[in-house]
Structure formats: structure tokens, C-alpha cells
């Protein structure tokens with residue numbers, strides 16, 4: 001867990017430094033107001049999203065197949081035009097209990113910010129964990145002597161750290177400076193003693209920036 005987190009942080013730090021050094025060539029002056037520099041595109045610093053996910057568990061033992069509808073929420077923070085850090089949360093409520101599958105991931109944009117209205121492909125990778133809320137009771141039971149015991153209603157939270165590797169691919173298309181549509185397919189790998197499980201997470205969501213999506217700056 002610690003080694004994975006350290007490696008991910010090192011990759012992102014290297015990408016951030018490389019992107020920053022590539023913005024202005026060494027020895028070149030920054031373009032002034034009358035410069036004919038090419039049009040540049042920007043990405044918002046913070047990106048919020050929400051939509052729907054279909055969780056599809058698969059396993060090498062070949063037993064069972066079902067699709068669980070979930071509601072998702074997402075927040076991303078851009079490090080530079082190519083890299084961002086994201087937290088994604090998919091919730092499955094069921095009969096008073098709840099399961100949240102969360103992902104701490106990096107997002108890499110192919111070629112940096114895309115022109116307004118064009119599809120922007122991206123890759124994601126990181127780790128996934130879970131948060132579960134369980135409830136049971138009240139109920140009663142009788143022991144061998146015939147005494148009846150009452151058990152109260154009990155609830156608890158279980159939290160699993162993001163130890164499962166996850167990788168995904170997706171696309172986003174801006175519909176204006178303040179809204180975009182995004183589609184993703186993520187795969188969470190969950191190895192066990194005698195089988196390997198994969199949780200596919202296809203999702204469709206709406207993204208809203210704190211700021212503006214890729215827009216053309218004046219020349």
C-alpha cells in the first residue's frame with residue numbers, strides 16, 4: 001500500500017515538473033500582447049461530476065453474473081493540462097444498508113486539453129477500496145434452558161483502504177464553458193486465494209468545473 005502510493009506520487013510529481021518546464025523553452029522570452037503565439041487551451045483547476053454506474057462483477061471461477069446499478073460522484077483537481085488527481089465514489093443502497101466503492105486515481109489526458117466541443121480521451125489508474133454500512137436485528141433467540149434472549153438492532157461501518165489496483169479509459173466532451181459529458185470504463189482487480197475477480201465499472205456522468213472548460217484565449 002505504502003509502496004504503491006509512493007510510486008503514484010513520484011509519477012505525478014515527475015509529470016508535473018516536466019509539463020511546467022515545457023511551457024516556455026529555455027532562453028525564450030514570454031510572448032507579449034502583440035505576439036502571434038499559437039492559441040492555448042486551459043483546463044479548470046477543480047472538476048465536479050455525478051451520474052450513473054453499472055457495476056459488473058466478473059470472476060475466473062465463472063460463477064454468476066449480475067449488474068448492480070449505482071449512483072456516482074466525482075471530484076478532480078488538475079495538476080497541469082495533462083494530469084489530474086481524482087476521487088470517485090459509486091454508491092449502491094440496498095434495504096437499509098449501503099456500499100460505497102471509491103477510487104483514488106490519477107487521470108492523464110491524451111495531448112492535454114482538447115479544443116472546445118471535441119472528444120477528449122483519457123486514461124485513469126490508481127487504487128480502489130470500499131465503505132460498507134451494515135444493520136441487523138432486532139431479533140430474539142432461545143437457549144437450551146428455554147430462556148429467551150433479546151438482541152437489539154445493531155449497525156456498523158466497515159472501511160477498506162484503496163488496496164485494489166484499478167485502471168480505466170474514458171472520453172469527455174465539453175458542451176460549453178460550464179458543462180461537459182463524460183463516459184468511463186474502469187476495471188478493479190481483486191485477487192483472492194483461488195480466483196481473480198474483476199469489477200467492471202462503466203459510467204456516464206455530467207461534469208461541472210469550478211472555473212471554465214477548455215476555451216480559446218485571445219491571440
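A few notes on this one:
- Hydrodynamic estimate: the Kirkwood radius of region 95-164 over Cα pairs, inserted into Stokes-Einstein at 4 °C and 1.567 mPa s, corresponds to D of 78 µm²/s.
- Protection-proxy order for peptides 120-128, 171-179, each taking the mean of Cβ atoms within 10 Å per residue, highest first: 120-128, 171-179
- Maximal additional length on extending the residue 71-residue 133 stretch stands at 20.7 nm, based on 0.36 nm per residue less the C-alpha distance.
- Working from label points 7 Å from Cα in the Cα-to-Cβ sense, the residue 204 to residue 98 distance is 2.5 nm.
- Descending by average beta-carbon neighbour count within 10 Å, the peptides 50-57, 81-88, 138-145 line up as 81-88, 50-57, 138-145, the highest first.
Bear in mind that the values in this text are calculations on the coordinates, not laboratory data. Nothing here was measured: the structure is a model prediction, and the numbers come from that model. All Cβ positions, even for glycine, are placed from backbone atoms using ideal geometry, and neighbour counts span all protein chains on display.
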